[in-house]
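Reading through the C-alpha cells given below for one structure.
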C-alpha cells in the first residue's frame, strides 16, 4: 500500500525566513502528487500538483513554490514567509491504479510569527 | 472550475442524534464524489465515495447518495457517537485522466456531546 511521509509535524518560523517542507512516498511509482493548505477556519485549498518529475502546476498565485526533483519526492518552499502562510499543509498522492484512492500525509502545522 | 459547498459549521449534537451534513457541487460532467474525515490530531481519511449518479456510499454507519438532479451528496448517520467528533470534508475529483484534482469543500466541524 502507498504511504506518505511528511516532516516536520510542526514548525514555527519567523516572518521573512525561508521554508522547505518535504514529502516522500513509498509503495507506488509515478503518482500524481499534491500540496494542500488548510488555513484556520477554512477548507483545504489545492496549492500545487505534479504529474511527473519536474512538472509542477500552480493553482493559486502566492508566496510559495513547489518542486519535484524525484518521482517520489515533492517539496514545498518559500524564500520569505508571510504571516498569511500559516496553516496546515498536507501532501497527497493519487495513483492511477488506486481506484480513486487518494492517500494523505499526516500534515505539517506551520505557524509564522 | 468545479467546486464544492458544504453547510457551515460547527455542528454540535448529542449522542444518538441524527446527523445530516449538506454538500452540493458544481461540475461539468459527472465527477466522483467523496467524504473525507479528519479526526483530532490525525490526517485525512477517506470515509466513503460514489462514482456515478444514484450510487450510495456507506461506511461506519455513514451514508451519502449521489444525487445528480440536485447536485448533492449529503452525509447522514442515524445515530452519532462521541467518537464521530471530527471535521468532515466533501470533495470531488475533476480533470482529465492523469491530471485529476481533488477539490474540497470548506469542511464541517462536528462535535458530539455525551
| Can you pull the mean other chain C-beta count within 10 Å for peptide A:5-13? | 0
| field | Ranked A:113, B:87, criterion: other C-beta atoms within 10 Å, fewest first | value | A:113, B:87
| Across peptide B:33-43, what mean number of C-beta atoms from other chains lies inside 10 Å of a residue's C-beta? | 3
| note | The FRET efficiency for residue A:13 and residue A:53, from their Cβ-Cβ distance with R0 = 22 Å and rounded to 0.05, is 0.20
| With the Cα gyration tensor of region B:22-99 giving a ≥ b ≥ c as the square roots of its eigenvalues, does the rule (a/c under 1.5 for rounded; else a/b larger than b/c for prolate; else oblate) give rounded, prolate or oblate? | oblate
| task | Evaluate peptide A:24-34: per residue, the Cβ atoms of other protein chains within 10 Å of its Cβ; return the mean as an integer. | result | 1
| query | Sorting A:79, B:49 on the 10 Å Cβ count, fewest up front, what's the list? | reply | A:79, B:49
| field | Burial ordering of B:89, A:74, fewest other beta-carbon atoms within 10 Å first | value | B:89, A:74
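No value in this document is a laboratory result; all are computed from the given coordinates. Computed from a predicted structure; not experimentally measured. Counting neighbours? That spans all protein chains shown, and the Cβs are built from the backbone with ideal geometry, glycine included.
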